[in-house]
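S.K.: Below you will find the structure I want to go over with you.
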Amino acid sequence: TIPASSSCTVSVNITGTAAGSYQNVSGFISSTNGGTNTGSTGSATASLTVLQPPSMAKLFSPNPILAGGTSTLTFTITNPNQNDSLTGLSFTDTFPTSPGAMTVASPLTTTNTCNGTLTDNAGGALAIGDPGMRLTGGLLAAGSACTVSVNVTAPTTGNYANISGAVSSTNGGTGNTAADTLTVNAPNPAIGLLKQVSTSATGPWTSFVAVTTGSNIYYQFTVENAGDVVLSPVGVTDPLVSTASCTWPASLPVAVAGNDNHIATCIVGPVTAAAGSHPNTATASGVYSGTTYTDTDSATYATTGLTLDKTAAETSFTLAGDVLNYSYLV
């Protein structure tokens, strides 16, 4: 019932079960004593847009790192709605405290393409040593993605499982949480040495070469950082060949995909070949945190022509029937 020259309202709460645009048209309005209005004002139309919430993924890179090292923690937020922006993006991430306390690393390094503001978990300015971070007030265009990142560090070896709070938006509701695990390893220093020989200073290089007596031979020493920490200083010693002419880098970095800076090479020679077979072992060394790590490798040259060398393993015997051992080198 509606009094003369007045109006009334009817309302009901509804929910959208799937994202999209819903066009809702009512039937014609009627009354017992006024009949049915089939004109343009007799039916009402309204459109409702139902949005999907944002989704989020997270990633530590590099992973693993060394204790006290730095990894970049990146959050990628996606707007699955192709026609509508998401406003008021927010999430909170509290860093793990086991097996140690993960914190914001020094220097403070962040990125944010999600707009909004990055703070600590309490809403204050994000700072080195903070145990977590928060995004508030973000904005993400329709069908797009944005990223938030911060450099973090962890003091103790082990696995740091990190699960964020759920990402949400003002107009799209609450989405998922995101998880990743940062592995922190103990340092693993190692050095590798490859020693090779040739009749030319330009190679080819092999582990053995046959030469004539009195000819020139050359040795090539290749040193490689085979571990995951910087070695400094590095060097090579050889009991039979002087390496004084070699110049080694002040430090040998860890291997990376973009270059071979973790490898250093030196060529020594010429050395005059003496008759016989001459195996020669060198030692490479590198220092990390006051401890020296080494590796050895050998190269051999032998003169051509047929020679015979005989040696006995024993210099005397005690009883009849004792076994004697002889070695013949041809």
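The values are calculated or read from the model by the stated rules, or taken from the named source; none is laboratory data. Note that the structure is predicted; figures quoted are calculated from it, not measured. Here the Cβ positions follow ideal geometry from the backbone for every residue, glycine too, while neighbour counts run over all protein chains shown. Note: accessible area is taken over every heavy atom of the protein model, side chains too, but ligands, DNA and RNA are not part of it. Shrake-Rupley method; radii C 1.70, N 1.55, O 1.52, S 1.80 Å.
S.K.: Does any residue of segment 204-214 turn out to be among the aromatic types (Phe, Trp, Tyr), within 37 Å of the chain's Cα centre (by Cα) and either more than 28 Å from Ile65 (Cα to Cα) or surrounded by 14 or more Cβ atoms within 10 Å (Cβ to Cβ) (or both)?
M.R.: Yes.
S.K.: Does segment 68-84 hold any residues that are assigned to a loop (DSSP other than H, G, I, E, B) and open to solvent by 50 Å² or more (accessible area, probe 1.4 Å), and which are they?
M.R.: Gly68, Gln82, Asn83, Asp84
S.K.: Considering only segment 125-139, I want to know if a residue exists there that is open to solvent by less than 70 Å² (accessible area, probe 1.4 Å), part of a loop (DSSP other than H, G, I, E, B), of a type in the set (A, V, I, L, M) and modelled with pLDDT of 95 or more.
M.R.: yes
S.K.: May I ask you to say which residue of Thr318, Thr303 is over 49 Å from the mean Cα position of the chain (by Cα) and crowded, with 16+ Cβ neighbours inside 10 Å?
M.R.: Thr303
S.K.: Is segment 195-202 home to any residue that is polar (S, T, N, Q), in a strand (DSSP E or B) and surrounded by fewer than 17 Cβ atoms within 10 Å (Cβ to Cβ)?
M.R.: No, the conditions are met nowhere in segment 195-202.
S.K.: How about segment 85-124: which of its residues are open to solvent by 40 Å² or more (accessible area, probe 1.4 Å), closer than 15 Å to Gly138 by Cβ and in contact (Cβ under 8 Å) with a residue 24 or more places away in the chain?
M.R.: Within segment 85-124, Ser85, Thr87, Thr92, Thr110, Thr111, Asn112, Thr113, Asn115 meet the criteria.
Here's the yes/no breakdown for (1) of a type in the set (Gly, Ala, Ser); (2) closer than 27 Å to Thr157 by Cα:
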{"residue": "Ser7", "(1), (2)": "yes, no"}
{"residue": "Thr15", "(1), (2)": "no, no"}
{"residue": "Ser30", "(1), (2)": "yes, no"}
{"residue": "Val50", "(1), (2)": "no, no"}
{"residue": "Phe75", "(1), (2)": "no, yes"}
{"residue": "Ala101", "(1), (2)": "yes, yes"}
{"residue": "Thr117", "(1), (2)": "no, no"}
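S.K.: Next question, about the same structure. List the strands (runs of 3 or more DSSP E) inside segment 216-330, counting only whole elements, that have at least 1 residues being free of Cβ contacts under 8 Å to residues at least 12 places away in the same chain and at negative phi.
M.R.: Per the criteria, 291-303.
S.K.: Also: Can you name every residue in segment 252-274 that is over 20 Å from Leu194 (Cβ atoms) and open to solvent by less than 70 Å² (accessible area, probe 1.4 Å)?
M.R.: Ala273, Ala274, listed by residue number.
S.K.: Let me ask you something else. Within the bounds of segment 41-51, is there any residue that is loosely packed, with under 10 Cβ neighbours inside 10 Å and over 58 Å from the mean Cα position of the chain (by Cα)?
M.R.: Yes: one or more hits.
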